[in-house]
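Just below is one structure, and these are the notes that go with it.
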Amino acid sequence: MSDTKTAATPSAAASQLARIWANLPGWGGLAAVNHGTIGLRFMVTGMVFFLIGGVLAMLIRTQLALPEQNIVSAETYGQLFTMHGSVMMFLFAIPVLEGLAIYLIPKMIGARDLVFPRLSALGYYCYLFGGIIIMSSLLLGIAPDSGWFMYTPLSSSEFSPGPGSDFWLLGITFVEISAMAAGIELTVSILCSRAKGMTLSRMPLFCWYILVMALMIVFGFPPLILASILLELERAAGMPFFTVAAGGDPLLWQHLFWLFGHPEVYIIFLPAAGIVSTLIPVFSGRPIVGYRWIVIAVILTGFISFGLWVHHMFTVGIPQLAQAFFSVASMLVAIPTAIQVFAWLATLWRGKVVFHLPMLWVSGFLVVFVCGGLTGVMLALVPLTGRYTIPILS
């Protein structure tokens, strides 16, 4: 009899804990802080924005399908172009990957939940609120038309006098705060709440990718938050940050934006590469080759990515020495990326590959990614001007 009671006690305790941790029924579920629920909300909301962005893309391509079409006006086309880029970059790509990380990381490191559950919930609602603000400008017909990069002075009050840019700046600020919350949450959780015995050297590779991604978010997103606040202060209060006539510099916006914008490329890439590094060993039937080398490559990728932003600005009058530095850095980042590719190929070579559907997708990824990566190395070169071409030819 005592044995039966003893055996039933853990089950009863588990049931009680499950009831405590479960989401509240009905409208109370909106206050959920469970990592699985928050992660799914990020992913589902991101897919909704993805569908909206896809519709905007189809409208753009329909307008461009034949010459001299008038399906949408020039003003509407500018709004569609701006909103499509903004939706895909800010409201889809990063939030979906963050949601995947929030959902998977506690399960992979042996934790019950992330360390700051309410911070995760706050991050989701900031993301949702910011996305609604941005999309409402499109529904109201006052969407910004300065491009998803919102270059000044085109986005300043002189050339964009309506409230469209203000909607964008306010919404993007909330979205970036959301990303910061997720980045802090994931970083602290991976470093501080791993299961007993799971050292960093034994951690799943996907967790390493997410850790580097989260640290990049923490350091890479504040410049854009600062830029959006400064531009809004200039538009609303007349403070001179980007207006040349008032003593500002429009290049300041480009520096702040791309100081966020280029690390963002790798913030998007690293979780995807982490998925590939997780799937290849499974369908190869053997452990990943070069675990430590991949970890070093991921860390180097995250570090070097913060020294590349000026290669988006080669034509704005940057000094030649700076152009050379950023050109070299842009080519240097290919080395850690190549380490990962060779580790993937070695794992496939030494394993017995089973070409199920996920492996077919990974195979396609490898081909497309290598082709795109090689073009990226070539585009890192500073274009040669006529002044340099003559001595070289002579």
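Every read-out reported here was derived from the displayed coordinates using simple, explicitly stated rules and does not represent laboratory data. Everything numeric in this text was worked out from a predicted model, so none of it was measured. We place every Cβ from the backbone using ideal geometry, glycine too, and count neighbours over all the protein chains shown.
Some points to look at:
- Over the C-alpha atoms of the chain, the Rg to Rh ratio, Rh being the Kirkwood estimate, stands at 1.02.
- Look at where the Cα atoms of segment 254-300 and of segment 58-81 average out, and the two centres are 36 Å apart.
- Going by neighbour counts of Cβ atoms within 10 Å, the residues Ser157, Ser178, Ser136 line up, fewest first, as Ser136, Ser157, Ser178.
- For the listed peptides 114-122, 207-215, a ranking on the average number of other beta carbons within 10 Å per residue, highest first, reads 207-215, 114-122.
- Kirkwood Rh, Cα atoms: Rg over Rh of segment 211-274: 1.13
- Of the DSSP H helices in the chain, those whose Cα atoms cover at least 15 Å axially and whose Kyte score averages 1.0 or more: 35-64, 94-109, 117-139, 164-192, 205-220, 222-237, 250-284, 291-304, 320-332, 334-350, 357-379
- Calculated mean residue ellipticity at 222 nm for the chain: -24000 deg cm²/dmol, from DSSP H runs with n ≥ 4 weighted as -39500 (n - 2.57), summed, divided by the residue count and rounded to 500.
- Segment 266-394 pair-distance distribution - Cα-Cα, 10 Å bins, rounded %: 11, 36, 27, 15, 9, 2
- Under the combined filter of DSSP loop state and at most 13 neighbouring Cβ atoms within 10 Å, segment 147-202 retains these chymotrypsin sites (Phe, Trp or Tyr not before Pro): Phe159.
- This ranking places Asp145, Asp249, Asp113 by how few other beta-carbon atoms lie within 10 Å of each, fewest first, which gives Asp249, Asp113, Asp145.
- Cβ crowding within 10 Å, taken as a proxy for footprinting-reagent exposure, orders Met83, Met313 from fewest neighbours to most as Met313, Met83.
- P(r) weight above 21 Å for segment 33-248, C-alpha pairs, percent: 58
- Counting every alpha-carbon pair across segment 1-91, the share separated by more than 20 Å comes to 62%.
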